[in-house]
Amino acid sequence: MKVSGSTNWKGPVKFRMPTAENLVPIRLDIQFEGQRYKDAFTWNPSDADNEIAIFARRTVKDLKLPPAFFTQISQSIQSQLADFRAYEGQDMYTGEKIIPIKLDLRVNHTLIKDQFLWDLNNFESDPEEFARTLCKDLGVEDPEVGPAVAFAIREQLYEIAVQSVSSARESRLSKKSRRGSDYGSASKASGLSMDLVKLFSFKSSVVRKRKDLDVYEPMVDLLTNEEVDALEAREERHAR
C-alpha cells in the first residue's frame with residue numbers, strides 16, 4: 001500500500017493542510033457539572049462561522065448536555081480554527097519531505113498500532129481513503145476505526161505543516177543574514193526529512209521498506225470488555 005504520487009513543489013507554498021482537502025483537525029474534551037464530552041472531527045476553515053453555533057447547538061440537544069456546553073463547544077472550535085487561520089497566507093516549505101506517521105489508537109474494542117512514511121509534498125493525498133484501505137487490508141470491521149485513523153494522520157500532518165511554516169521563516173531569516181545560503185540550511189524539519197530519505201531511499205516503498213517490515217508491520221488487537229473497562233478507568237484517572 002502506497003501513498004499516491006506527489007506533485008513537486010520546490011519553492012514555498014502558502015500554508016494549508018498538505019492533503020487534497022484543506023480540513024482542520026478539531027479535538028474537544030470538555031467537562032462540566034459532572035459530565036464529559038469528547039469528540040474529534042475535521043472542519044472546513046472556509047465554512048461560515050455561524051456553522052459553529054449550529055453544530056454546538058445540535059450537539060448539546062442530541063446528547064442532552066447541560067446548556068453551558070454550548071458556549072464551551074463553540075469557543076473551543078473557534079479557538080482551534082483561529083490558530084489554524086493565523087498561519088494562512090504564510091509561506092511553508094515542503095520540498096521533498098518524507099515524514100513518519102505513527103498510529104497508536106483504541107477505538108471501542110479495537111486497538112491498532114502502525115507506522116509508515118508519508119509524502120508531505122503530496123497535496124493530492126487523501127487520509128480518509130488511505131484509512132479505508134488500511135482497515136480493509138487489516139480486516140478491521142468497526143466502522144469508527146477508519147475515521148479515527150484518518151483523523152490521527154491529519155493531526156500529525158497539521159503539526160508538521162506548522163513546523164514547516166517555522167522552517168520557512170528560519171530559512172528566510174537565514175538567507176537575509178547569509179546571502180546566497182540554501183533554503184532549509186537552518187531547518188530542523190528539513191534535516192529530519194533528509195535523514196529519512198537516506199534511511200529509506202526513494203527507490204523503496206513510500207510506506208514501508210521490505211527489510212523493515214518487522215518494525216513497520218501493523219498490529220490490530222480486539223480487546224475484551226474487561227480490558228476496555230480497565231483502560232477506560234485508567235484514562236479517567238489520568239484525566240482527573
Could you check segment 116-156 and list, in sequence order, the residues that are under 12 Å from Met17 (Cα atoms), touching a Ser or Thr at 6+ places or on another chain (Cβ under 7 Å) and aliphatic (A, V, I, L, M)?
Leu120
Any residue in segment 163-179 that is at pLDDT below 95 and assigned to a loop (DSSP other than H, G, I, E, B)?
yes
Going through segment 75-92 one residue at a time, which ones are assigned to a helix (DSSP H, G or I) and open to solvent by less than 40 Å² (accessible area, probe 1.4 Å)?
Ser76, Ile77, Leu81, Phe84
On the basis of being in a helix (DSSP H, G or I) and either open to solvent by 70 Å² or more (accessible area, probe 1.4 Å) or farther than 23 Å from Ser166 by Cα (or both), does Gln72 make the cut?
yes
Segment 22-67 - residue that is modelled with pLDDT of 95 or more and of a type in the set (Gly, Ala, Ser) and, of those, least open to solvent (accessible area, probe 1.4 Å)
Ala56
Against the condition out of contact with any Ser or Thr (no Cβ under 7 Å at 6 or more places or on another chain), of a type outside the set (A, V, I, L, M) and without any contact (Cβ under 8 Å) to a residue 12 or more places away in the chain, how does Lys64 come out, does it pass?
yes
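The values are calculated or read from the model by the stated rules, or taken from the named source; none is laboratory data. Everything quoted here is computed from the prediction, not taken from an experiment. Counting neighbours? That spans all protein chains shown, and the Cβs are built from the backbone with ideal geometry, glycine included. Heavy atoms of the whole protein, side chains included, go into the accessibility calculation; ligands, DNA and RNA do not. Shrake-Rupley method; radii C 1.70, N 1.55, O 1.52, S 1.80 Å.
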